[in-house]
Amino acid sequence: MIYTIEYKDNSDREQVKAEYAHLLLVEERNISEGNFLIFSDLELVQDIIYTTVPSKEIDTLMTSNTETAEYLIDLDFRLSSIELGL
């Protein structure tokens with residue numbers, strides 16, 4: 001079950017968190033209608049899996065992205081030149 005609890009200020013927020021500490025805090029909403037903490041009594045359906053990517057692969061991806069960006073900038077320049085008749 002999902003429980004949505006409104007709070008007014010930071011001290012009220014902390015009090016709500018303490019009162020519902022037996023539940024899982026799944027979301028906080030600060031919207032024009034008010035400030036809300038959303039709790040659930042259900043466990044997360046999916047476990048969070050943390051992975052690591054070797055730095056060599058990250059460097060390869062970053063280089064590839066840089067090359068793609070440079071190509072797009074060059075292409076944009078060429079298209080602008082054609083449009084302007086240069």
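Bear in mind these aren't lab numbers, they're just calculated from the coordinates by the rules spelled out. Bear in mind the structure is a predicted one, so any value in this text is a computation, not a measurement. All Cβ positions, glycine included, derive from the backbone under ideal geometry; neighbour counts span all protein chains shown.
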Query raised in the report: Do you know which residues across segment 66-86 are of a type in the set (A, V, I, L, M) and over 36 Å from the mean Cα position of the chain (by Cα)?
Result: I82, L84, L86
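Counting just the residues of segment 1-41 that are of a type in the set (G, A, S) and under 22 Å from the mean Cα position of the chain (by Cα), which one comes out surrounded by the most Cβ atoms within 10 Å (Cβ to Cβ)?
The extreme case among them is S40.
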